[in-house]
1. Got a sec? Which of Glu246, Glu241 is open to solvent by 40 Å² or more (accessible area, probe 1.4 Å) and closer than 27 Å to Asn131 by Cα?
2. Report every pair of residues separated by at least 6 positions or lying on different chains whose Cβ atoms are under 8 Å apart, first residue within region 47-62 and assigned to a strand (DSSP E or B), second charged (D, E, K, R).
3. Looking at region 271-293, which of the residues that are out of contact with any Phe, Trp or Tyr (no Cβ under 7 Å at 6 or more places or on another chain) and of a type in the set (Val, Ile, Thr) is farthest from Leu227 (Cα to Cα)?
4. Could you grab me the full set of residues in region 35-47 that are surrounded by 18 or more Cβ atoms within 10 Å (Cβ to Cβ), more than 16 Å from Pro123 (Cα to Cα) and of a type outside the set (A, V, I, L, M, F, W, C)?
5. Does any residue in region 20-37 that is closer than 20 Å to Glu57 by Cβ come within less than 9 Å, Cβ to Cβ, of a residue that is modelled with pLDDT of 95 or more and part of a helix (DSSP H, G or I) six or more places away or on a different chain, and which pairs are these?
6. Just wondering, is there one or more residues in region 50-57 that are open to solvent by less than 10 Å² (accessible area, probe 1.4 Å) and farther than 20 Å from Thr115 by Cα?
7. When the residues of region 67-110 are narrowed to those that are assigned to a loop (DSSP other than H, G, I, E, B) and touching a strand residue (DSSP E or B) at 6+ places or on another chain (Cβ under 6 Å), which ends up surrounded by the most Cβ atoms within 10 Å (Cβ to Cβ)?
Amino acid sequence: MKKQLLRILTISSISAILWSCNQSDPIPKGSYVQGVFVLNEGNFTQNNGGVSFFARENTTADADVFSLVNGNALTGGVQGYDIAGDHGLILVDNSAAGQDKIQIVNANTFASEATITTDIENPRDVVAVTNDKAYVTCWSTLNSDYSYPVGYVAVIDLATNKVTKKISTDKGPEKMIFSKDKVFVGDYSYSDGNKLTVISTSSDAILSSITFKSAPNPIGVDVNGKLWVQAGIELFRLNTETYAIETTLKIGTDVTKTPGNFAMSSDLSTIYFVLSYSDASYVSHGATYKFSINDTQINVTTPFINRIFSGLAVDPTQGLVYAAVTPSYSQAGYAVRYRGDGTLVDSVKVGVAPTGFYFKQL
């Protein structure tokens, strides 16, 4: 009798624990709970960008999930996407002045929740810093001669779906990297900006402005907590606390070749990038390379993959390298998957002009 009673009590305790776990961690409902989002810029003059989606085990994608769910298009090029809590933020850049926006959706269903248009002009990148707060880099309105004015970072409050503050940065603020309680803001290559801006996410104040010889592009924070930044054909490893440059590496010696589309491996110890150039007919050529964060020089003679891509990313779950292919700006592009040794896995047809990826996991 005592053994039976003990067994009953044990089973009851386990059931109570399991019930408690299920109650505190409910599985989100929706068609987009986990998988791969592909950001398609589209043709700028046609404003036909979109977000594609496919499950990791699939080889076919929904080409435009926003239209599929909501029945209308985003009407612009997609520049960025990130998730804050249950909210997805899509950056939409329309070719007409004053028509840019942040489209907010439910992150699991992709149903439209809100649209932010005020104080959003030429949005470039988005980073969620808490479940209800995000940063968006904006170029602002270009000058009449198409030169770049001082841009800003828009602070987004997802409780009210409004811009609560505009933090002035450098010309052409572009990519951001979020690390602990700071955001590092880089500049667009052709903006004449040359400062890496460091912002406190607790005070929304600028902590530092670090000057480079050319536009700084923050790549990511490695396994040792160091920030990697590209500027021209040089790479810099920075201390995220002191901002001191600890290492400088050259990406070859040919200044006519442009490095870009950097991505870090899932273990944060390898960096992938595309090195490209244009010929006299404006046709792009080049290859994709990789190096270890412990290398003392970068090998640009032996490609990782002997072709160029319009975007690169690494799935932190599977470790596969995702490469975006844009055949033209009038037809669908592809997401091509590679293993860490450069061997091809497969490809998935997506939208027009894919340039970025977002990996969602439970």
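The values are calculated or read from the model by the stated rules, or taken from the named source; none is laboratory data. The structure displayed is predicted, hence computed values, not measured ones. In this analysis, Cβ positions are derived from the backbone assuming ideal geometry, glycine residues included, and neighbour counts consider all displayed protein chains. Only protein heavy atoms, including side chains, enter the accessible area calculation; ligands, DNA and RNA are left aside. Shrake-Rupley method; radii C 1.70, N 1.55, O 1.52, S 1.80 Å.
1. Glu241
2. Sorted first by the residue in region 47-62, then by its partner, the pairs are Gly50/Asp64; Val51/Asp64; Ser52/Asp62; Ser52/Asp64; Phe53/Asp62; Phe54/Asp62.
3. Val283
4. Gly35
5. If the second residue must be modelled with pLDDT of 95 or more and part of a helix (DSSP H, G or I), the pairs left are Ser31/Val65; Ser31/Val69; Tyr32/Val65; Tyr32/Val69; Phe37/Val65.
6. The answer is yes; a qualifying residue exists.
7. Leu74
Quick grid of which residues meet (1) open to solvent by less than 70 Å² (accessible area, probe 1.4 Å); (2) modelled with pLDDT of 95 or more; (3) touching a strand residue (DSSP E or B) at 6+ places or on another chain (Cβ under 7 Å); (4) of a type outside the set (Asp, Glu):
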| position | (1), (2), (3), (4) |
| --- | --- |
| Asp295 | yes, yes, no, no |
| Phe304 | yes, yes, yes, yes |
| Phe309 | yes, yes, yes, yes |
| Leu312 | yes, yes, yes, yes |
| Tyr322 | yes, yes, yes, yes |
| Tyr334 | no, yes, yes, yes |
